[in-house]
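Novice: Pasting a structure below so you can have a look.
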Amino acid sequence: MIVLAAPVLGFLGGVERHVHDLSVGLRSRGHRVALAYGEARGQDVELYREAFDQVVALSGIGQLAAAADCIYAHKLHDDAVLSLACSRKRVVVAVHDHDMTCVRSHRYLPVTHEPCNRPPGIGCVAHGCIAVRTRDQLIPFSIRNPFRLARTTRAVSDKALLIAGSSFLRRTLLDAGVPPDRVVVIHPVPPDDATPLVAAPTAPVAVFAGQLIRGKGLDILLRAVQKLDPVRVIVAGAGSGRGDSERLCVRLGIQSRVEFLGPVGPEAMASVYDRGRVAVVPSLWPEPFGMVGIEAMRRARPVVGARHGGIPEWLTHGVTGWTFDPGSDASLAQALRRAMDADDYARVAQEARRQASERFSFARMLDEVERCILGAESGPRAERAGASGRGIDGRELMRPE
């Protein structure tokens, strides 16, 4: 049995959707999969439960230990992971974001909002990153210790093999002191899209899909669009920043060109991408991977994305889309203008779909997960599993950027 451990029961964000889809995929290959969940709850809990053979609270994971071949942890607190690692079962930890290498979890600076690629350490102190805002607390901020974070991350890697969601995430872990043979790369792609393709519209429409929070960079896109009449934007997603985004549209005078759809389920996203000529990933924070880009490329839609984080691993300028300087609305406007008017649009769209289908297929991801969590046993063989980003059978796990 494979035990997936995660803090949330139900659909909430990309991590919860990935855990659900991973279970469905592994069960389709004959594996028994259980979920050990934490205290948080998402949406459609009963539907979520149906993806697993067994569901127990994380506090009761001991009852699964005897039958477990591997415990695969997702976005759990470091102390929880270390506790799981003491179970004498093979433990693998998925690294979905920057929590293990950044005290703010965002990887951009608090004042200038510039992207940050520094490891946890003295740089966090120098740039004021150790004072982190806390919501719904009497004291509105807390002090984080970057040196403790680095020590804890290394301690987790001593006990468990880490699966980074991108080569970029792997580099941040290595910079934090994780040995190279303790981390491999598997891109967390969604299930393949079987919906028939729809021809791209000729109208200049851009699609943004993601949480409406500062780090996702919707404000950068809106400022770029102001420079590009008559470009329109379709916004799919929800978040605390929606009100600010709507007010910004009014200030910029583009409210008639921006459509807010609110939250859209995964089953309906294909139709949203189909309405656009391009998809835009304008993230201010360095995206750990950027799964929405793969979703759009599967619909034969080129992507315009910020040139940092994990995005360049699937977005090649002039090949599968166009890149721009992170945080720059002027650079984004230039890239959008190029994308909308490109003479080679059809070629780029076709190549985007080909790469998404071949390099980032769901079946390939499941192959890599099976080899990584079941094809090695704890001990020396597991240590070799991460060397140079290869599996224990020597097959390349890491994809080139």
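Novice: Taking region 313-355, which residues are closer than 23 Å to Val233 by Cβ, assigned to a helix (DSSP H, G or I) and of a type in the set (D, E, K, R)?
Specialist: Asp329, Arg337, Arg338, Asp341, Arg353
Novice: Look through region 155-178, keep the residues that are in a helix (DSSP H, G or I) and at pLDDT below 95, and return whichever of them is surrounded by the fewest Cβ atoms within 10 Å (Cβ to Cβ). Spell out how you get there, then give the answer.
Specialist: Here is the first cut: in region 155-178, the ones in a helix (DSSP H, G or I) are 155-159, 167-175.
So of that shortlist, the ones also at pLDDT below 95 come out as 155-159.
Values: Ala155: 14, Val156: 24, Ser157: 22, Asp158: 12, Lys159: 16.
Per the criteria, the residue is Asp158.
Novice: When the residues of region 90-117 are filtered to those that are touching a residue at least 40 places away in the same chain (Cβ under 8 Å) and charged (D, E, K, R), which remaining residue is surrounded by the most Cβ atoms within 10 Å (Cβ to Cβ)?
Specialist: My answer is Arg107.
Novice: Oh, and also: Report the residue count in region 320-347 for those that are within 29 Å of Pro115 (Cα to Cα) and out of contact with any helix residue (DSSP H, G or I) (no Cβ under 8 Å at 6 or more places or on another chain).
Specialist: Within region 320-347, residues that are within 29 Å of Pro115 (Cα to Cα) and out of contact with any helix residue (DSSP H, G or I) (no Cβ under 8 Å at 6 or more places or on another chain) number 7.
Novice: Within region 208-232, work out how many residues are hydrophobic (A, V, I, L, M, F, W, C), touching a residue at least 40 places away in the same chain (Cβ under 8 Å) and within 22 Å of Gly265 (Cβ to Cβ).
Specialist: 3
Listed here are the residues, each with its yes/no results for (1) farther than 17 Å from Leu149 by Cβ; (2) in contact with a Lys or Arg (Cβ under 8 Å, 6 or more places away or on another chain).
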position: Ile61; (1), (2): yes, no
position: Ala65; (1), (2): yes, yes
position: Asp69; (1), (2): yes, yes
position: Val92; (1), (2): yes, no
position: Arg104; (1), (2): no, yes
position: Glu114; (1), (2): yes, no
position: Arg118; (1), (2): no, no
position: Gly123; (1), (2): no, no
position: Thr134; (1), (2): no, no
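Novice: Hand me the list of strands (runs of 3 or more DSSP E) wholly inside region 179-297 holding 1 or more residues that are over 18 Å from the mean Cα position of the chain (by Cα).
Specialist: Values: elements: 183-185, 205-209, 232-236, 258-262, 278-281.
Filter on region 179-297 gives 205-209, 232-236, 258-262, 278-281.
Novice: Additional query: Considering only residues that are more than 24 Å from His106 (Cα to Cα) and either modelled with pLDDT under 95 or surrounded by 15 or more Cβ atoms within 10 Å (Cβ to Cβ) (or both), which ones fall in region 231-254?
Specialist: Of everything in region 231-254, those that are more than 24 Å from His106 (Cα to Cα) and either modelled with pLDDT under 95 or surrounded by 15 or more Cβ atoms within 10 Å (Cβ to Cβ) (or both) turn out to be Val231, Arg232, Val233, Ile234, Cys249, Leu252, Ile254.
The values are calculated or read from the model by the stated rules, or taken from the named source; none is laboratory data. Treat the numbers as computed from the prediction; the structure is a model and nothing was measured. As a convention, Cβ positions derive from the backbone with ideal geometry for all residues, glycine included, and neighbour counts pool all protein chains shown.
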